[in-house]
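S.K.: This is the structure I have questions about; it appears just below.
The values are calculated or read from the model by the stated rules, or taken from the named source; none is laboratory data. Quantities reported herein were computed from a predicted structural model and do not represent experimental measurements. Positions of Cβ are backbone-derived with ideal geometry, glycine not excepted, and every protein chain shown enters the neighbour counts. The area values use the complete protein model at the heavy-atom level, side chains included, leaving out ligands, DNA and RNA. Shrake-Rupley method; radii C 1.70, N 1.55, O 1.52, S 1.80 Å.
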Amino acid sequence: MVTSDIARPENQVYCRPRSFTDVSTHYCPGCTHGIAHRLVAEVLDEMGVAEKTIGVAPVGCSVFAYNYFNTDFVEAAHGRAPAMATGIKRVLPDKVVFTYQGDGDLASIGMAEIMHVAARGENITVIFINNAIYGMTGGQMAPTTLPGMKTTSSPMGRDVEMQGYPIRMSEILATMDGVGYAVRRSLHDPANIRKAKKAIRTAFEAQRRGLGFSMVELLSTCPTNWGINPVNSLQWVADHMVPVFPLGDFKVSAAVGDIRI
Amino acid sequence: MPRELLKGNEAIAEAAIRVGLEAYFGYPITPQTEILEHLSRRLPELGRAFVQAESEVAAINMVYGAACTGARVMSSSSSPGVSLMMEGISYIAGTEIPVVLVNIMRGGPGLGNIAPAQGDYFQAVYGGGHGDYKPIVLAPSTVQEAIDMTVMSFDLAEKYRTICMIIADGSIGQLMEPAELPEMRPIQRQNWDWAVNGTGGRQRRILSSIYIEPKDEEIANLRMLKRWQEIQKNEIRFKEYYTDNADFVVVGFGSAGRIALSAVRAARHQGIKVGLFRPITVSPFPFAQLEELSKRVQGLLVVEMNMGQMLQDVQLAVKGNTPVEFYGRPGGVVPFPDEILHEIQRVATSKLSLDADPRMSWLDRATAK
Ligand SMILES: Cc1ncc(C[n+]2csc(CCOP(=O)(O)OP(=O)(O)O)c2C)c(N)n1
């Protein structure tokens, strides 16, 4: 194969998903928000649903997520994406509605909204980025910050006596009857990214089939605010986050379990 | 449609349905709960969306999402709940989408009580949430007006892509009186060129309240002000009673205005040449009309079920042309017509000053008793 062959469309093995806009993101080098975005876009492409999809962006580093997807989008107040998604989905039940939220957004200020959207079994999909920190505001402690982890607002390390313990959202949501699918995956290496993609696909398929609330939690990096270089950040996820936030399927309803992709 | 004996809250709810309400999101709170209860039965029966939200914070954000699709949506609450909604209200204002809200006001601040009050005038008229925006605010004084304003509020909200809020106090929400509902209209979701409903192949649309570049936010702010200018030009509504030959005029909105009308009529019987000016749009406020009026009278008496909030707008309107007096019953106390009649008599017979602070003079009189 010569170079010109490689450039031919039929030989192309990797390209920008159609559900992605042709702009570079504002994310820091090594941040896995970009990977998570791409996985969602690939899934929308594969399912052919971009034209009927409405995304709900959060407040956090992914506040501008709407710039990157070739779908209709709204931008919610901090933590309120699940409520906004509820409003949209109730009026447009045939559309695909997803929120994309960070851990501060979803597990702190938006705790009530995420719990109740799940309790109602709202037929939406949530992509939950858990990077154990508040990225956008410059690295403060999040509800998911690990015990002992230093942040700008836990400078001596998270002291669980004073600042409590990290919250495991997937496990909590799995207890709810309205939830069809609640799983945790990680973005720290290609094998895990593949699994994450499959989970995202399953979550959107669950929504398409009307099987209730679906959420994929993705362990993610924040090299800038962790103060760890991008490569070591990936390793840090595996070494430090996975033990606290075990990967796995916490709820797969029987109907979702029957989905074959 | 026939006239029926209708409760204010239920009349508002049913009127909204008749003009195509597609979705309602709310949280129970006295004295507005009948709106939520009525809609919890009627909307599902009609195949439309009803959600009892986990809080007013969630309710307003559900409204925000649903309104982004271009559907006719609303929420309702009472004072403490409306305070919780302020975050979402500001976002909705910043996104420039139409939303109808109802505040059946009660005594406050804080948890206050569940009695009728008008203490949320400032919050409603001056926006309440953060940032620079002005909602349209309507103040009904009867169940019939509450119905008519509900009908009108959807049209106004959509015409100007703005929030239209109805502020009624608990007595209008709870009162039963004969009124006529509009006829049932089919839902006609407009094909708005801003609505977010899936691209279906068209250019994607984004609805957000973010303008990260201050210059862009400034442009958005000015666009909203321009629209407000239009609203002020086109939408001011008020009612005048016996003002043609009046020496004195009472100014009151909602229930206070209605009760004042009884007092005005009684005073007329006694030969006092008094009229009533009742703003229907408290925002936009009828500044020019009141200014005109202030040039022809010997004094104004502002009556409110609060400590003098609209009073400030009246003072702004009359520009010192005529003395302004105040009588208020805050905290959930509803004034009797006799009390207002007594005030009218006082105003008509005493030497009024242009310099006195009407609120402080009222406080002195009230605490002296
Ligand atoms: C009501 C409100 N409070 C606080 C903020 C400030 N704020 C913006 S982003 C953010 C934290 C976001 O963290 P997270 O959800 O973990 O997302 P990340 O930035 O890490 O992706 C905060 C506190 C806000 N915008 N609105």
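S.K.: Among (1) touching a Phe, Trp or Tyr at 6+ places or on another chain (Cβ under 7 Å); (2) within 12 Å of chain A (Cβ to nearest Cβ), there is one condition B:SER40 misses while meeting the rest; what is its number?
M.R.: (2)
S.K.: State yes or no: is A:VAL23 at the interface with another protein chain (Cβ under 9 Å from one of its Cβ atoms) and not polar (S, T, N, Q)? Walk me through how you get there before you give the answer.
M.R.: Values: at the interface with another protein chain (Cβ under 9 Å from one of its Cβ atoms): no; not polar (S, T, N, Q): yes.
The answer is no for A:VAL23.
S.K.: Output the strands (runs of 3 or more DSSP E) that fall wholly within the stretch A:146-253 and possess 2 or more residues being within 16 Å of the ligand (Cβ to nearest atom), among the hydrophobic types (A, V, I, L, M, F, W, C) and crowded, with 20+ Cβ neighbours inside 10 Å, or say none. Talk me through it step by step, then tell me what you get.
M.R.: Details: elements: A:179-186, A:213-219, A:248-252.
In the stretch A:146-253, A:213-219 are the strands (runs of 3 or more DSSP E) which contain 2 or more residues that are within 16 Å of the ligand (Cβ to nearest atom), among the hydrophobic types (A, V, I, L, M, F, W, C) and crowded, with 20+ Cβ neighbours inside 10 Å.
S.K.: Let me ask something else about it. Mind counting the residues in the stretch A:107-123 that are within 13 Å of the ligand (Cβ to nearest atom) and either under 19 Å from A:ALA206 (Cβ atoms) or part of a helix (DSSP H, G or I) (or both)? So that I can check it myself, show each step before the final result.
M.R.: Our first condition is that a residue be within 13 Å of the ligand (Cβ to nearest atom); within the stretch A:107-123, this holds for A:107-111, A:113-114.
Filter once more, so that each one left must be either under 19 Å from A:ALA206 (Cβ atoms) or part of a helix (DSSP H, G or I) (or both): A:107-109, A:111, A:113-114.
Here the count works out to 6.
S.K.: Given the conditions (1) away from the ligand (no atom under 16 Å from the Cβ); (2) open to solvent by 10 Å² or more (accessible area, probe 1.4 Å); (3) within 14 Å of chain A (Cβ to nearest Cβ), which single one is not true for B:ALA93?
M.R.: All conditions pass for B:ALA93, except number (1).
S.K.: Could you check A:MET111 against (1) more than 8 Å from every other protein chain (Cβ to nearest Cβ); (2) within 18 Å of A:SER220 (Cβ to Cβ) and say which number it fails?
M.R.: Status for A:MET111: all satisfied but (2).
S.K.: Name the residues in the stretch A:65-101 that are within 11 Å of the ligand (Cβ to nearest atom) and either within 12 Å of B:GLY198 (Cβ to Cβ) or open to solvent by 20 Å² or more (accessible area, probe 1.4 Å) (or both), would you?
M.R.: A:HIS78, A:ARG80
S.K.: Within the stretch B:218-240, is even one residue within 18 Å of the chain's Cα centre (by Cα), among the polar types (S, T, N, Q) and open to solvent by 20 Å² or more (accessible area, probe 1.4 Å)?
M.R.: Within the stretch B:218-240, one or more residues are within 18 Å of the chain's Cα centre (by Cα), among the polar types (S, T, N, Q) and open to solvent by 20 Å² or more (accessible area, probe 1.4 Å).
S.K.: Is it fair to say A:THR137 is more than 14 Å from chain B (Cβ to nearest Cβ), open to solvent by less than 20 Å² (accessible area, probe 1.4 Å) and not in a strand (DSSP E or B)? Write out each step before concluding.
M.R.: On the way: more than 14 Å from chain B (Cβ to nearest Cβ): yes; open to solvent by less than 20 Å² (accessible area, probe 1.4 Å): no; not in a strand (DSSP E or B): yes.
No, not satisfied.
S.K.: For the stretch B:340-349, name all the residues that are of a type in the set (D, E, K, R) and either buried (at least 16 other Cβ atoms within 10 Å of the Cβ) or not in a helix (DSSP H, G or I) (or both).
M.R.: Start the filter on the stretch B:340-349 by keeping residues that are of a type in the set (D, E, K, R), which leaves B:343, B:346.
Correct list: B:GLU343 only.
S.K.: Does B:GLY81 satisfy the criteria of being modelled with pLDDT of 95 or more, away from the ligand (no atom under 16 Å from the Cβ), surrounded by fewer than 24 Cβ atoms within 10 Å (Cβ to Cβ) and outside any loop (DSSP other than H, G, I, E, B)? Spell out how you get there, then give the answer.
M.R.: Values: modelled with pLDDT of 95 or more: yes; away from the ligand (no atom under 16 Å from the Cβ): yes; surrounded by fewer than 24 Cβ atoms within 10 Å (Cβ to Cβ): yes; outside any loop (DSSP other than H, G, I, E, B): yes.
Yes: the conditions hold for B:GLY81.
S.K.: Only one of (1) touching a Leu at 6+ places or on another chain (Cβ under 9 Å); (2) closer than 29 Å to B:PRO335 by Cβ; (3) within 14 Å of another protein chain (Cβ to nearest Cβ); (4) open to solvent by 10 Å² or more (accessible area, probe 1.4 Å) is not met by B:GLU145, so which one is it?
M.R.: (3) is the only condition that B:GLU145 fails.
S.K.: Restricting the stretch B:289-334 to residues that are among the polar types (S, T, N, Q) and open to solvent by less than 20 Å² (accessible area, probe 1.4 Å), which is farthest from B:ASP364 (Cα to Cα)?
M.R.: Just the residues of the stretch B:289-334 that are among the polar types (S, T, N, Q), to begin with: B:289, B:294, B:298, B:306, B:309, B:312, B:315, B:321-322.
Still in the running and open to solvent by less than 20 Å² (accessible area, probe 1.4 Å): B:294, B:306, B:322.
Working: B:SER294: 25, B:ASN306: 16, B:THR322: 21 Å.
Ranking the candidates gives B:SER294 first.
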